[in-house]
Amino acid sequence: MDITLKVNGTPHAVDVDPRMSLLDLLRERLGLIGAKKGCDHGQCGACTVLIDGRRANACLALAVAVDGSEVTTVEGLAEGDDLHPLQAAFIEHDAFQCGYCTPGQLCSAVAMLGEPGPSAVTGDLALDPELTPEEIRERMSGNLCRCGAYVNIVKAIAEAAL
């Protein structure tokens, strides 16, 4: 099945099996290996990418479902040699250990900072939520880190949000 999509600003026309996941398309066909295959069931967040600016688990998205979409992977966050502010904050705060979850954490954080509205831990639903550490943890809860770098991840996101 022929699909077209833009990945990190580059247009692609690809013939895919209708059962192929977006993650497999990115890694196996387009050579973009930043998004990781962790659980392949949408439970860990290591494969998180942005589809039309919204975060999504690439292991759960069928490639045919993103026909005509714009996909951003961790490889597309930087502007040339200039790191995305979140990438720089992750480095400054040592917000990774083994690094396996980092691409998904970064893509999720980029989208999370652009998502308005309350979360499950927002106190007053009538007000714009303050980005407290608790709020960040709740909004990033779909991304797991087996090394336990959460404290530094939250600090990095809080700094980049300023």
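General remarks:
- Qualifying residue in segment 29-37 (condition: in contact (Cβ under 8 Å) with a residue 24 or more places away in the chain, out of contact with any strand residue (DSSP E or B) (no Cβ under 8 Å at 6 or more places or on another chain), of a type outside the set (Lys, Arg) and not in a strand (DSSP E or B)): yes
- Single match in Leu77, Leu26 (criterion: touching a Leu at 6+ places or on another chain (Cβ under 7 Å) and without any contact (Cβ under 8 Å) to a residue 40 or more places away in the chain): Leu77
- Consider segment 137-151 and keep the residues that are surrounded by 18 or more Cβ atoms within 10 Å (Cβ to Cβ) and free of Cβ contacts under 8 Å to residues at least 60 places away in the same chain. The one that is farthest from the chain's Cα centre (by Cα) is Ala149.
- Pairs are defined by a Cβ separation below 9 Å, a sequence spacing of at least 6 or placement on different chains, a first member in segment 1-23 that is of a type in the set (Lys, Arg), and a second member that is at pLDDT below 95; no pair meets this definition.
- Filter pass, Pro18 being assigned to a loop (DSSP other than H, G, I, E, B), of a type outside the set (A, V, I, L, M), outside the structural domain of Met112 (by TED's automatic domain parsing) and modelled with pLDDT of 95 or more: yes
A quick yes/no check of all residues on (1) closer than 25 Å to Cys39 by Cα; (2) in contact with a strand residue (DSSP E or B) (Cβ under 7 Å, 6 or more places away or on another chain):
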{"position": "Ala78", "(1), (2)": "no, no"}
{"position": "His84", "(1), (2)": "no, no"}
{"position": "Phe90", "(1), (2)": "yes, no"}
{"position": "Cys101", "(1), (2)": "yes, no"}
{"position": "Cys107", "(1), (2)": "yes, yes"}
{"position": "Gly123", "(1), (2)": "no, no"}
{"position": "Pro129", "(1), (2)": "no, no"}
{"position": "Arg139", "(1), (2)": "yes, no"}
{"position": "Leu144", "(1), (2)": "yes, no"}
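Conditions (1) in contact (Cβ under 8 Å) with a residue 40 or more places away in the chain; (2) surrounded by fewer than 18 Cβ atoms within 10 Å (Cβ to Cβ), marked per residue:
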site	(1), (2)
Asp81	no, yes
Ile91	no, yes
Leu113	yes, yes
Pro118	no, yes
Leu125	no, yes
Glu135	no, no
Val154	no, no
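- Test: residue in segment 59-68 that is surrounded by fewer than 20 Cβ atoms within 10 Å (Cβ to Cβ) and of a type outside the set (A, V, I, L, M): yes
The values are calculated or read from the model by the stated rules, or taken from the named source; none is laboratory data. Quantities reported herein were computed from a predicted structural model and do not represent experimental measurements. Counting neighbours? That spans all protein chains shown, and the Cβs are built from the backbone with ideal geometry, glycine included.
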